[in-house]
């Protein structure tokens, strides 16, 4: 029942993509059927030529009367038969060309729509979906599985109609000439059909397993290439090679099993078809010798039987490819069935410069133990709010929930901006007004200028430079040979960790959002650069509400209020001076971190800021 529902879901999701290509597919089917009719008429031309020209047997009915004058002149009749054969073959070739052109255009238009739909849909899926699914697996479904579907639509789909029609035309012509031999030819069809159906289900199961193994292999390669610096740094090359070898061996073994099954099918079906051809040929010779059929009819029977053997054999190929395409369609449909991020009915676009309030927020990832437990605090509008806590205390989760990268269930508390619940705010409006630099900044494989402009594509070069200066990265960029036009390697690999973080900060500042979140985004820079960036930010942020998340006390201590999280709960909340006077977590961290160098740097920063 579950399998049937998956198939129905796949058909329901993919069927709309065929809209607009129906005429192309219909035209391809029509031309393919015409090609079949014309090809099936060739044996009749040969039969007439052999029986009436060479054997002198008159044709029955009106056709015989019409062609009697021509058949009386054998050389002229042979030329006419040759001309008719060439014309029929030429028309069949033309129909085949037009049919293939139609199916090629239709299938490419269909697959283009499928790729566009997939990419658009993936862009709208929530961050939580992406965190649950491996990137390599997603890529494999969007490439290999889509290619399997394309191959079926472009080649095998047309064959389904052609096979059915060709079998009907061939059997009709054979029964019109001799019923006994035709019944002998038909006797093998049920066996081949049943045999093909059994293998259809076996091939589908094995292909799904092999396809999933390919997804795991792709995910491993993608993960290895993404983390190539870690692999090199820890000398894990041999381990990674061994891991890949095991996955690759399993993948190869599964495809060998699938190939063995297909080989068994083709070998057995060839044997059955060979027996059918042999039986029909022997029966045809016996009938011809006994005078049951003419020599021309025997030759036509041989041709039709050979033609009949092709669709019978192709039935297995069509069914095996249909099995693969069905599995791939289900895997693609699973992505398309994933629920997109949606705005609630009547979504609001309120001002985003109000107080931010977390009320009794409890949240866990994927049904696991809650990361946040009853968190309750308010961030006044226009203030700088800092968050401090150990690893796993829920600091980044606060940022993720505020930007709705993860949805907070209604029964798990509320988050409001200016008194409006963020679940009621239009997503595009919320994210346009909440700038965030994540803990692991991501840069695209484009120029530095394009990376910073990603937040606001219409920004001028001077605006980009101002944002870069505020992030203290302008000097580093100008030191490159191509300046802002320097190409950034994949995932920003050509830049240092600190440079990547500062470029990401410049990108966020260019957004000009009223709420700015720095999620441990200064961890890769030294303390002196950290102080310079904070000083520049204080001058450029204006009235924005700033949320600083960090492990470094010097980054947080000048905030208006500081929240200390401990195991998902609010442990302390207050100003730096208030928290230092208390004998709590903040004071302990402060005493550990504030060594002589940090105190000197702090005094230097205060003097520079006029404090």
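The values are calculated or read from the model by the stated rules, or taken from the named source; none is laboratory data. These figures come from a predicted structure and were not determined experimentally. Using ideal geometry, Cβ is built from the backbone for each residue, glycine included, and neighbour counts are taken over all protein chains shown.
Quick check, is residue 395 touching a residue at least 12 places away in the same chain (Cβ under 8 Å), surrounded by 15 or more Cβ atoms within 10 Å (Cβ to Cβ) and more than 24 Å from residue 505 (Cα to Cα)?
Considered against the rule, which asks whether it is touching a residue at least 12 places away in the same chain (Cβ under 8 Å), surrounded by 15 or more Cβ atoms within 10 Å (Cβ to Cβ) and more than 24 Å from residue 505 (Cα to Cα), residue 395 comes out as no.
Have a look at 165, 152, 175 and point out the one that is touching a helix residue (DSSP H, G or I) at 6+ places or on another chain (Cβ under 6 Å), under 30 Å from residue 39 (Cα atoms), surrounded by fewer than 17 Cβ atoms within 10 Å (Cβ to Cβ) and outside the structural domain of residue 368 (by TED's automatic domain parsing).
Criteria check complete, one pass: 175.
Taking into account only those residues within segment 20-40 that are surrounded by fewer than 17 Cβ atoms within 10 Å (Cβ to Cβ) and at pLDDT 70 or above, which is farthest from the chain's Cα centre (by Cα)?
In this case the residue turns out to be 37.
Conditions: (1) surrounded by 15 or more Cβ atoms within 10 Å (Cβ to Cβ); (2) assigned to a loop (DSSP other than H, G, I, E, B); (3) at pLDDT 80 or above. Residue 583 meets all but one. Number of the miss?
Answer for residue 583: the failing condition is (1).
Between residues in segment 197-221 that are on the phi > 0 side of the Ramachandran plot and outside the structural domain of residue 241 (by TED's automatic domain parsing) and residues that are at pLDDT below 75 and surrounded by fewer than 18 Cβ atoms within 10 Å (Cβ to Cβ), which pairs lie under 6 Å by C-beta distance while being six or more apart or on different chains?
From segment 197-221, no pairs qualify.
Restricting to segment 551-561, and then to whatever is assigned to a loop (DSSP other than H, G, I, E, B) and modelled with pLDDT of 85 or more, can you tell me which residue is surrounded by the most Cβ atoms within 10 Å (Cβ to Cβ)?
Result: 559.
Residue-by-condition table, conditions (1) in contact with a helix residue (DSSP H, G or I) (Cβ under 9 Å, 6 or more places away or on another chain); (2) part of a strand (DSSP E or B):
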position: 353; (1), (2): yes, no
position: 357; (1), (2): no, yes
position: 368; (1), (2): no, no
position: 375; (1), (2): yes, yes
position: 382; (1), (2): no, no
position: 387; (1), (2): yes, yes
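Condition (residue is at pLDDT 75 or above, assigned by TED's automatic domain parsing to the domain that holds residue 143 and closer than 26 Å to residue 161 by Cα) applied to segment 64-86: is it met by at least one residue?
Yes; the residues of segment 64-86 include at least one that is at pLDDT 75 or above, assigned by TED's automatic domain parsing to the domain that holds residue 143 and closer than 26 Å to residue 161 by Cα.
Please give the helices (runs of 4 or more DSSP H) falling wholly within segment 428-538 in which 2 or more residues are within 26 Å of residue 400 (Cβ to Cβ) and modelled with pLDDT under 85.
Per the criteria, 497-510.
Quick one: which of 106, 136 is within 30 Å of residue 428 (Cα to Cα) and touching a helix residue (DSSP H, G or I) at 6+ places or on another chain (Cβ under 7 Å)?
Among 106, 136, only 136 is within 30 Å of residue 428 (Cα to Cα) and touching a helix residue (DSSP H, G or I) at 6+ places or on another chain (Cβ under 7 Å).
Could you identify the single residue in 381, 347 that is on the phi < 0 side of the Ramachandran plot and under 32 Å from the mean Cα position of the chain (by Cα)?
None of the other options fit; the residue is 347.
For segment 449-496, how many residues meet the condition of being touching a residue at least 40 places away in the same chain (Cβ under 8 Å) and either outside the structural domain of residue 508 (by TED's automatic domain parsing) or touching a strand residue (DSSP E or B) at 6+ places or on another chain (Cβ under 8 Å) (or both)?
Of the residues in that region, 3 qualify.
For segment 404-448, what are the residues that are free of Cβ contacts under 8 Å to residues at least 60 places away in the same chain, closer than 22 Å to residue 546 by Cα and touching a strand residue (DSSP E or B) at 6+ places or on another chain (Cβ under 7 Å)?
If the condition is that a residue be free of Cβ contacts under 8 Å to residues at least 60 places away in the same chain, closer than 22 Å to residue 546 by Cα and touching a strand residue (DSSP E or B) at 6+ places or on another chain (Cβ under 7 Å), then 408, 414, 415, 421, 422 are the ones that fit.
Rundown of residues vs (1) outside any helix (DSSP H, G or I); (2) within 12 Å of the chain's Cα centre (by Cα); (3) touching a residue at least 12 places away in the same chain (Cβ under 8 Å), yes/no style:
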site	(1), (2), (3)
143	no, yes, no
155	no, no, yes
175	no, no, no
180	no, no, yes
184	no, no, yes
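Which of the residues spanning segment 353-363 are modelled with pLDDT of 90 or more and either more than 17 Å from residue 403 (Cα to Cα) or surrounded by 15 or more Cβ atoms within 10 Å (Cβ to Cβ) (or both)?
Matches in segment 353-363: 354, 355, 356, 357, 358, 360, 361, 362, 363.
Return the residues of segment 296-313 that are more than 16 Å from residue 40 (Cβ to Cβ) and either buried (at least 19 other Cβ atoms within 10 Å of the Cβ) or at pLDDT 75 or above (or both); say none if nothing qualifies.
The one that is more than 16 Å from residue 40 (Cβ to Cβ) and either buried (at least 19 other Cβ atoms within 10 Å of the Cβ) or at pLDDT 75 or above (or both): 298.
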